1. Which value in nm describes the separation of the simple spin-label points at residue 56 and residue 9, placed 7 Å from the Cα toward the beta carbon?
2. Residue by residue through segment 7-14, what is 3J(HN,Hα) from phi via Karplus (6.51 cos²θ - 1.76 cosθ + 1.60, θ = phi - 60°)? Round to whole Hz and write x for glycine and proline.
3. Would you mind checking the tilt of helix 18-32 against the longest principal axis of the Cα atoms of the chain, expressed as 0 to 90 degrees and rounded to 10?
4. Mind pulling the angle between the C-alpha long axis of helix 36-47 and the longest principal axis of the chain? Nearest 10 degrees, somewhere in 0 to 90.
5. With no solvent and one point per C-alpha, what does the Debye sum give as log10 I(q)/I(0) for segment 13-59 at q = 0.25, 0.29 Å⁻¹?
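Read-outs: derived from the displayed coordinates by stated rules, not from any lab. As the structure is a computational prediction, the values presented were derived from the model and not from experiment. No Cβ is skipped: glycine too gets one built from the backbone with ideal geometry, and neighbour counts run over all protein chains shown.
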Amino acid sequence: MVPRTGVTVDIHPRDLPIALIGTAGGTLAIWANAPAQIAIPTALLIVLDIRIRRSRRRI
């Protein structure tokens with residue numbers, strides 16, 4: 001997937017220890033009785049800091 005011209009997508013990991021992230025993701029999946037198709041994207045949204053910015057060029 002390629003963003004449009006003028007759109008910047010920044011993806012950075014958050015400043016959390018990996019053990020805490022893994023434990024939280026596993027606990028979420030067990031507690032909510034969620035399948036992996038739901039638990040994994042949810043854990044990624046918690047782990048990653050995703051920012052989408054749109055800039056306009058003036059001519």
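1. Modelled inter-label distance: 2.3 nm.
2. Going residue by residue, I get 10, 10, 10, 10, 10, 10, x, 6 Hz, with x marking Gly and Pro.
3. Once rounded, the angle reads 70 degrees.
4. Once rounded, one gets 60 degrees.
5. The Debye formula, applied to the Cα set alone, gives -0.90, -1.06.
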